[in-house]
């Protein structure tokens, strides 16, 4: 059973698409959250983690970059990651289709 402490605050972070299954995405989220003093307390699943930070970390929230909300509880791929994934898988698909066309043409040649 998880033990709460009065010296810490806690939050649950949700990744609705299961991004925490990827060690890379989990580490990226933890690195970003560590800027606000959050550390991993418990990983429940590929979609839910519990973070904790000392109550004293609140004092530094005003110094955080504007893009970092210390109480954000939602994580998903950024648009840049999404675009890069689309480009990568689109290129793989195009290569596979071209290979299929070349093999079809080679197979239809006499001899």
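Just so you know, all these numbers are worked out from the coordinates, no wet-lab data involved. All of these numbers come straight from a predicted model, not from anything done at the bench. Glycine also receives a Cβ, built like all others from the backbone with ideal geometry; neighbour counts cover every protein chain displayed.
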Yes/no for residue 99 being over 23 Å from the mean Cα position of the chain (by Cα) and not in a strand (DSSP E or B): yes
If I ask for residues that are in contact (Cβ under 8 Å) with a residue 60 or more places away in the chain and in a strand (DSSP E or B), which ones from segment 36-89 would you list? 74
Please go through segment 1-35 and pick out each residue that is in a helix (DSSP H, G or I) and either crowded, with 16+ Cβ neighbours inside 10 Å or touching a helix residue (DSSP H, G or I) at 6+ places or on another chain (Cβ under 6 Å) (or both). 19, 20, 25, 26, 28, 29, 30, 33
